[in-house]
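Accompanying notes for the structure given below.
The values are calculated or read from the model by the stated rules, or taken from the named source; none is laboratory data. All values derive from a computational prediction rather than experimental measurement. Neighbour counts are summed over all protein chains in view; Cβ atoms, including those assigned to glycine, are modelled from backbone coordinates with ideal geometry. These accessible areas exclude ligands, DNA and RNA; they are computed on the full protein's heavy atoms, side chains included. Shrake-Rupley method; radii C 1.70, N 1.55, O 1.52, S 1.80 Å.
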Amino acid sequence: MKRLAKIRLIGVNALLAALTVAGVGAAAASTAQATIAHTAGATKAATLRAHSSRYGRILFDGRGRVLYLFARDRGGRSSCSGACAKAWPPFLTKGAPTTLSGVNAKLLGTTRRSNGTLQVTYAKHPLYYFKEDTKPGQIKCQNVSNFGGLWLVVAPGGKPVR
């Protein structure tokens with residue numbers, strides 16, 4: 001009887017250890033994914049390009065990740081911070097942003113965020129990623145209302161795509 005109780009105890013401990021490791025691994029993966037999404041635009045010189053998508057020609061960063069605008073932003077300033085900026089990480093730059101194919105350099109600019117970082121703008125619209133767009137070309141949240149406004153992809157002319 002003691003042997004059976006010992007075996008059960010070892011089994012329960014092994015199960016608890018496995019669940020703990022799985023939980024820590026999932027939390028670490030989730031944190032890593034959020035960090036990658038949030039810092040994806042924080043390069044020395046952010047780049048923009050336009051290419052085809054199911055919504056026509058739209059803006060992407062230099063790595064092929066889609067960029068969105070927040071219809072609630074006004075005057076070239078971001079109104080997305082805190083939880084909003086975690087879900088919709090701003091497209092940041094540490095140097096002057098540059099254009100690649102299909103983008104009008106005259107529409108490119110920056111705005112200073114409340115934390116001092118520089119966010120890339122296009123046609124005076126601050127640009128953002130969506131945290132669940134994790135692969136190049138992925139567009140999961142077009143024309144969605146979130147945090148009090150619509151999130152839309154951007155045409156090379158600077159207009160939101162509806």
Within 11 Å, Cβ to Cβ, of P156, how many net charges do the neighbouring residues add up to if Lys/Arg are +1 and Asp/Glu are -1? +3
At a 1.4 Å probe, what is the % contribution of carbon and sulfur to the accessible area of the stretch 62-141? 51 percent
For Y55 and A71, compute 0.36 nm times the residue count separating them, minus their Cα-Cα distance, and round to one decimal in nm. 4.0 nm
Counting just the Cα atoms, what span does the stretch 73-150 cover along each of its three principal axes? Round to the nearest Å and put the largest first. 29, 29, 20
Where only protein heavy atoms count, and the probe is 1.4 Å, what is the accessible area per residue for the stretch 47-140 in Å²? 48 Å²
Quick shape check on the stretch 66-118: root eigenvalues a ≥ b ≥ c of the Cα gyration tensor, a/c under 1.5 is rounded, otherwise prolate if a/b tops b/c, else oblate, and it reads prolate
By the scheme Lys and Arg +1, Asp and Glu -1, what is the net charge of all other residues having a beta-carbon under 13 Å from that of Y129? +3
